[in-house]
1. Quick check on the protein assembly as shown: of the DSSP beta bridges with both residues there, what percent are antiparallel, nearest 5%?
2. For region B:205-295, compute Rh as the Kirkwood radius over C-alpha pairs and then the Stokes-Einstein diffusion coefficient at 25 °C and 0.890 mPa s; write the answer in µm²/s, rounded to an integer.
3. Below 8 Å, C-alpha to C-alpha, sequence gap of six or more: please give me the relative contact order for region B:2-303 in percent.
4. Just to be sure I understand: with springs between alpha-carbon atoms less than 10 Å apart, which residue in B:151, B:66, B:52 has the highest mean-square fluctuation in the Gaussian network model of chain B?
5. If you stretched the chain out fully between residue A:640 and residue A:655, how much longer would it get, using 0.36 nm times the residue separation minus the C-alpha to C-alpha distance?
6. Would you mind giving the mean number of other chain beta-carbons within 10 Å of the Cβ of each residue in B:155-165, as a whole number?
7. Report, to the nearest 10°, how far helix B:251-275 tilts away from the longest principal axis of the Cα atoms in chain B, using its own Cα long axis and a range of 0 to 90°.
8. Give the average, rounded to an integer, of partner chain Cβ atoms located within 10 angstrom of each Cβ in A:545-553.
């Protein structure tokens, strides 16, 4: 039953997308058709997915399909359902936010196309999680990549949008090519249906292929290079959807493939843990050095994907070393962090988008003082910041807590391997946590606090009510999931059981025992909120009847401080970026003050992605040189191309006759 | 029932007695410098005076500036729920409470730093920048040290880890190394010499003091009280690590040990501050990374 509702939701999405394309002449009508359809579909899908997750049922359906190797096999289990829930839940505020956000583009751009691709993106992601046949999966995967590609190119006029979308397209297809190999190897026994896959002894190779193929979508270092390009270029609500949900499709793929591969080897866990530690620390370090808010958030997606990979790695290590608590905590932390990251990263991208939409800039050092001018947007960005730093009482803490607990179980266990893994996991999570606090106090402090650093930031108003409501939905979800974490984890038990290859009963017992501390965490969080509220009340009573004045900020006696003299983002993080400069390789362009009465001086810093600069650029340049040999084949002359086709056909014919 | 009463007393006691600790430190410094010094109760007098004052706020600031000291104080007070005192279980001791402990302090720090940035002052920005840098370096050390102790004691809760590693642990030496590392964190997080100088006069060189330059009146009372409470909270952690196994000891001995430990620690801080100058800011990371190395050594000893 639930599968039929989901199919209907997908149909509604596609229909409203097409309808929006048909009425594209009128931007208002196109928006209305697409958004109302998408909202309806999301609500339908949400209901169906919640039914599946709470009932734990498995629904399967198969139709014949005339494509070789393909069958229209769909299935929904708890693992699919979790991803469907975050997809449909995040899509609601995303679509709402898009309405006022895209309105200003209405006269110049084709909004019908934008909404068509948005609907297609949501629908294709739903198909990715439902597909139970390799061909169907790859077709959906491709649709997802292509529709998001067209959304990244939305602002075609901007050169950076064009180059970003090109990088994204190439990265997506290299990943897809590896997935093709993965599925061909899995389906060597003839059928490409998921339930007939056979591993046939080369599980290790398949695991590597899966990490490379799905990891390039998820954004594992060093395959993350497309994220910091594509996320800033896309419209903000699309960035929220891409960062919150689409990159998680890579994680879904890894989860799903793990269920095919059977019992894990220890080195799989070590590899994933290593990837997680590298992605986590490098992600947050590069985020620290960024000047563009959305680029910074994109690097934070790399960081959070790293945390997810760490949980997954610890879980695999727990399985392979035979420690069920570590396994369920690791997997539980990973899947819970998938959910939480979708919520707070969605919120952060939307509020950053609202901010950039109003001020017209994403450069942090041109902003400032927005907490006064955009109180709602700023406060919601603050909620997202606290959540992404993994601080209690919000949701980020709950999932990081589970990953930490996996590490702690390693510390008390008797197995040497899990102990070392636990130590590595815990210490790098601690480092990432500290760096994330530095990074988000920087963003929040520079953009929303202090005085406006430019005219843009001075004369602005808060986001429109629709935008505010859509951000509030996600902000409230962050708080609710944080405070109700034990219940959220309970709902995830069927998923953990699937990933850990454990019967539901055993998994339930292990998860319940291992995550019992979450109840105490929740009570401490509730006390924390209560005491803070009480303290606020007390303090406001304390000042009653006293003289409360305002004055200028203390400036050590300097007579006329200007807003430009405030601490800037690069200065704020300089002690840290300085410590890690061997990795970051920040470039500085300095114009030193000159002469006895210097008039001007300037400093500019720029931190390009080292993997793009040092790894991919040389490889791509080499490939281009290599393939340049064949350039003489290209003439642009149609006759010659017809000749090529003829020759090919003849060769094929003779080959067949032989 | 009595354990709950005792654990609750261990929360009330710091709330009342914490302002004594800066008094003891200052008195020690004064005596070593040959002065009489301020009364030990000076902390209370200052708080009383500040609480009765009005307030002056910078025009630049928002509600966040007022929220900073409150959130900081409350998170530190919440920490008291998790850290045991004198070998009795903490009120909310549970598996993994050490993670919540560290992240509660992180939440407090987030808001202190944000409140500092809310003033738009370069000086406070500088202090905030240093604060996040040094605490970022201290955090992994804390976790690695706790990991070693957790493995040694076989417990995942601060209530099980602290005051328990003594007999078996001292022979291995790991608790000694971790104590050394935690002493550095204690000095750094509480903004003491050699990392920061609470008595400095020049805004440019401050770390913690500069972040609260614009706080006055009741807000500053919250800040000072929070600082005193943090001295107590992290002191409890350190005393608990540097302790024999007190599981079998009678109650009076455990309480006495912990109280004496807090006193000796405060005197120790006073002695360190009298004997040392603060190190250059650029050298502070080396100090903290050194502390991290001690923690790592402790883990190696424990892992064998």
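No value in this document is a laboratory result; all are computed from the given coordinates. Fair warning: this is a prediction, and the values are worked out from it, not measured in the lab. With ideal geometry, Cβ positions are generated from the backbone for all residues, glycine too; neighbour counts draw on all protein chains shown.
1. Here the share of antiparallel DSSP bridges comes out near 80 percent.
2. For the chosen part, D equals 153 µm²/s.
3. Reported as a whole number, the value is 30 percent.
4. Sorting by GNM fluctuation, first place goes to B:52.
5. 3.2 nm
6. 1
7. Tilt of helix B:251-275: around 50 degrees.
8. 6
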